[in-house]
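Below you'll find the structure, written out as structure tokens, and then a few comments.
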């Protein structure tokens, strides 16, 4: 069944720009429970006091929530997340699971292919099929539990395929909230990737914290490295990030994300309204950069 796909026209005071969320976790009752059931992720959810936020929704409910927050589109990865300590998969969603969610509202939800380096060339072929057969529009990487740095050779075939398919790769950079080695995703490691694949569009997620300025430096240096704000509320954004996205160098280089249910749309977007941003910077942050990075046609 396909839910209503048309976005309702709304005029929300202080929030008239439609947003695009570049990273939203699988949110249905069948998928979200996998996070809570895992002891490591469950510990983080409790430690951060997020139990009340961790609520599953049907596709219809989620789209209704998007309408209420003036969110136009959300990207959902078949997240591949592995435990560094226990050496088992925490989440291992299939392409078909996410495609079934996206299929219910294809104009509002888009799939991202989750990279698992242990699949090797089988995974590269699966990535191509996800794009060509299921309509996924990018790739996604959560590297920490795989014990590989983001510039490890095992990822290069995936980066090459993304380059060939002209799709971006979204990856968490900066620290890991779970018991995993954060240094594997230091933003400076993006330098190696971008130098070899200068046209590969890379989104460094979660602001790169605590190495925010390192990620800014990579984004400023490389034309196709972008910064994602997922999982970090605007009131906690590093001052250097706010300054960067509000300047000529930063406009078009930063995009909004939630890592839902880590952040709720209402809370994140309401806080964004309180930051002094130029209109051009705000439009780019909420929508314009994502349209460009994901090759989306504006509605």
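For residue 257, the test of being in contact (Cβ under 8 Å) with a residue 24 or more places away in the chain and surrounded by 23 or more Cβ atoms within 10 Å (Cβ to Cβ) is passed. Summed over region 36-70, the residues that are in contact with a strand residue (DSSP E or B) (Cβ under 7 Å, 6 or more places away or on another chain) and either at pLDDT below 95 or assigned to a helix (DSSP H, G or I) (or both) give a count of 4.
Does region 105-114 include one or more residues that are under 19 Å from the mean Cα position of the chain (by Cα), part of a helix (DSSP H, G or I) and at pLDDT 95 or above? Taking every residue of region 105-114 in turn, none turns out to be under 19 Å from the mean Cα position of the chain (by Cα), part of a helix (DSSP H, G or I) and at pLDDT 95 or above. Per the listing 65, 81, the residue uniquely more than 16 Å from residue 31 (Cα to Cα) and touching a helix residue (DSSP H, G or I) at 6+ places or on another chain (Cβ under 7 Å) is 65. When residues in region 265-296 are screened for being out of contact with any helix residue (DSSP H, G or I) (no Cβ under 8 Å at 6 or more places or on another chain) and either in a loop (DSSP other than H, G, I, E, B) or surrounded by fewer than 15 Cβ atoms within 10 Å (Cβ to Cβ) (or both), 7 of them pass.
So that you can scan it fast, the table gives a plain yes or no per residue for (1) touching a residue at least 40 places away in the same chain (Cβ under 8 Å); (2) crowded, with 20+ Cβ neighbours inside 10 Å:
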{"position": "66", "(1), (2)": "yes, yes"}
{"position": "73", "(1), (2)": "yes, yes"}
{"position": "81", "(1), (2)": "yes, yes"}
{"position": "106", "(1), (2)": "yes, no"}
{"position": "133", "(1), (2)": "no, no"}
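The values are calculated or read from the model by the stated rules, or taken from the named source; none is laboratory data. Source: prediction; values computed, not measured. Every residue, glycine among them, receives a Cβ derived from its backbone with ideal geometry; neighbour counts consider all protein chains shown.
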